[in-house]
Amino acid sequence: MQYTILCYETAADFARRSDPAEAGPYWAGWSAYGATLAQAGVFVSGAGLLPPAGAVTVRVGPKGRTVQDGPFAEVKEQLGGFFVIEVDSLEAALDWAAKAPSSASGSTEVRPVLAMPG
Amino acid sequence: MSDAALRAVADAARSHRARLVALLAARSRDLAGAEDAVAEALRQALEAWPARGVPDRPAAWLMTAAKRAQGQARARMATASRALPALALVTDEAAEEPDAWPDHRLGLMFACTHPAIDPATQTPLMLQAVLGLSAERIASAFLMSPAAMGQRLARAKQRLREAGARFERPDPADVAPHLGQVMECILAAAALGWESVPGSDPGRADLAQEAVFLAETLADLTPGEPEPQALLAQLLYVRAREGARRAGYVPLTEQDTRLWDKTLIVRADLALAAAGERAQARGRLGRFQCEAAIQAVHCERSRTGRVNHVALETLHDALARLCPSTGATVAAAAVALERRGPLAAMARLADLGPEADSFQPYWALLAEIRLRAGHSAEAQAALTRALGLTEDPGLRVWLSARMASLMP
């Protein structure tokens, strides 16, 4: 069973990425997490995302296209990256999600991946 | 005024809930029904006490209300319940002080560890049945979705009914054989609390406090048994050191002992001494006494200023024999590293199976061993695994600082 681990980070987390004093531990935490998922044999795919300031949101309605700068919703925590993992149960997925650094500072959402028919 | 009344309800719930649930369940053999009746009584108290004042005898008031609620619920399903055991409501406990009520709490704890209940559900069930914790709170501690935990608990109670589980106070002869599983459950609850740094997740941190309450209750209910006293001592020693970790993760042997709670250490010492007295009559060392003694040795540093590694080695070896586990082996290897160096520590770890791969303390220790052996690159790799496996933000900070200090 595949689960997506969606890592939501706070503005402070995004700021840590480039703060000279904080960047080291920040990236060490994430790269160790990714490496541990891989070494445990559960990693399927994943990506880190640049901060939401660089997001552009597109909608196509009856009157045509609307393009907005910024993420689709202004909320306190924004998607900072995601992992897809292969584990036996939701419980095992939650166990991995709890270890994502975003669980301690922001929040981490677990979503079962839709199995495509055929 | 109303604040005082609300506090009175909270106090009464704390002191009497388990007694009430156990008593009602012992009569009806229906745990869910007993919990519902007590919850209804507490709901009524929340309504009545602030309005009409706290009754003179709060426990008796709750007992009367809970019995009435149980009776009404039974009347509603009267036809369906003809098969239930005939229940005499002859003695009226409400007329007496709670101390005079039949105490079935030990029976309730034993029922939570009934063989019909999946071992993974026994601790959650005990937290709910004995302490009244909500499924939401238990679910967070056990990393489950609250809906799934709620279903699991409801199923467990149903299974107890189907199995005809009894909730009565067990016969003295039945106590010892079932005690081990109850203590495992309490320790499991405490261990969930220990993993969290105070402040990071209050829900889990105060689970350690709930576990102390359970261990105290169990020790009170089993006079003459050494192991519950030892379990209590162990939990108190660990709790005494919490202050030293409040600002972040600090390894046990580097903690500032001035931040340890001396009063809790004294309480723990007394509990361990009581366990020792009770054990002498039996002439054997139990697993929980061994674990408590290890904690006592660590806490002794606040008086002697040094860690007695010789005593630790003896105790860890005994524990690894008494109760083999990944945790026991890793802990014994950590002592071997201090006493005998990296080769001896590696030799101890060699027995471990693949389950160590996902055990964070294993990787943290492996990093230290490799470091002492002069293998810095391999130590880095082990630290990376330890870092990836922790969910404790304080430990994450500590491990990444440790990694940075190894960078060439």
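The values are calculated or read from the model by the stated rules, or taken from the named source; none is laboratory data. All figures in this text were calculated on a predicted structure; none of them were measured in a lab. Counting neighbours? That spans all protein chains shown, and the Cβs are built from the backbone with ideal geometry, glycine included.
Quick notes on this one:
- Every residue from the range B:1-47 that is among the aliphatic types (A, V, I, L, M) and under 11 Å from residue B:66 (Cα atoms): B:20, B:21, B:23, B:24, B:34, B:37, B:38, B:39, B:41, B:42, B:45
- Exclusive hit being in contact with a His (Cβ under 7 Å, 6 or more places away or on another chain) and either more than 26 Å from residue B:399 (Cβ to Cβ) or surrounded by fewer than 21 Cβ atoms within 10 Å (Cβ to Cβ) (or both), set B:259, B:270, B:252, B:236: B:252
- Within the set B:307, B:335, the sole residue that is touching a residue at least 40 places away in the same chain (Cβ under 8 Å), farther than 22 Å from residue B:225 by Cβ and not polar (S, T, N, Q) turns out to be B:307.
- On the stretch given as the range A:29-47, residues that are aliphatic (A, V, I, L, M) and on the phi > 0 side of the Ramachandran plot total 0.
- Some residue of the range A:16-30 being crowded, with 17+ Cβ neighbours inside 10 Å, within 29 Å of residue B:143 (Cα to Cα) and touching a strand residue (DSSP E or B) at 6+ places or on another chain (Cβ under 8 Å): yes
- When restricted to residues that are away from chain A (no Cβ under 13 Å), buried (at least 23 other Cβ atoms within 10 Å of the Cβ) and either of a type in the set (S, T, N, Q) or closer than 12 Å to residue A:25 by Cβ (or both), the range B:357-408 contains 0.
- Residues that are touching a Ser or Thr at 6+ places or on another chain (Cβ under 7 Å), under 15 Å from residue A:105 (Cβ atoms) and without any contact (Cβ under 8 Å) to a residue 24 or more places away in the chain within the range A:1-57 comprise A:25, A:28, listed in sequence order.
- Unique residue being assigned to a helix (DSSP H, G or I) and on the phi < 0 side of the Ramachandran plot when the list is B:211, B:247: B:211
- Test: residue in the range B:251-259 that is touching a Cys at 6+ places or on another chain (Cβ under 8 Å) and of a type in the set (Lys, Arg): no
- Residue that is part of a helix (DSSP H, G or I), surrounded by fewer than 17 Cβ atoms within 10 Å (Cβ to Cβ) and either modelled with pLDDT of 95 or more or in the same structural domain as residue B:11 (by TED's automatic domain parsing) (or both), where the choices are B:65, B:154, B:78: B:154
- Filter result for residue A:41 (at pLDDT 95 or above and more than 9 Å from chain B (Cβ to nearest Cβ)): yes
- Single condition residue A:88 does not satisfy, out of (1) out of contact with any Phe, Trp or Tyr (no Cβ under 6 Å at 6 or more places or on another chain); (2) within 17 Å of residue B:388 (Cα to Cα); (3) more than 10 Å from chain B (Cβ to nearest Cβ): (2)
- Yes/no for residue B:165 being touching a residue at least 40 places away in the same chain (Cβ under 8 Å), surrounded by 18 or more Cβ atoms within 10 Å (Cβ to Cβ), small (Gly, Ala, Ser) and assigned to a loop (DSSP other than H, G, I, E, B): yes
- The residues on offer are B:318, B:279, and the sole one that is without any contact (Cβ under 8 Å) to a residue 40 or more places away in the chain and either assigned by TED's automatic domain parsing to the domain that holds residue B:400 or outside any loop (DSSP other than H, G, I, E, B) (or both) is B:318.
- Matching residues in the range A:73-83 - criterion: being hydrophobic (A, V, I, L, M, F, W, C) and either surrounded by fewer than 17 Cβ atoms within 10 Å (Cβ to Cβ) or within 14 Å of chain B (Cβ to nearest Cβ) (or both): A:73, A:75, A:83
- Number of positions in the range B:1-27 that are crowded, with 21+ Cβ neighbours inside 10 Å and hydroxyl-bearing (Ser, Thr, Tyr): 0
- Residue count, the range B:353-374 (criterion: among the aliphatic types (A, V, I, L, M) and touching a Ser or Thr at 6+ places or on another chain (Cβ under 6 Å)): 1
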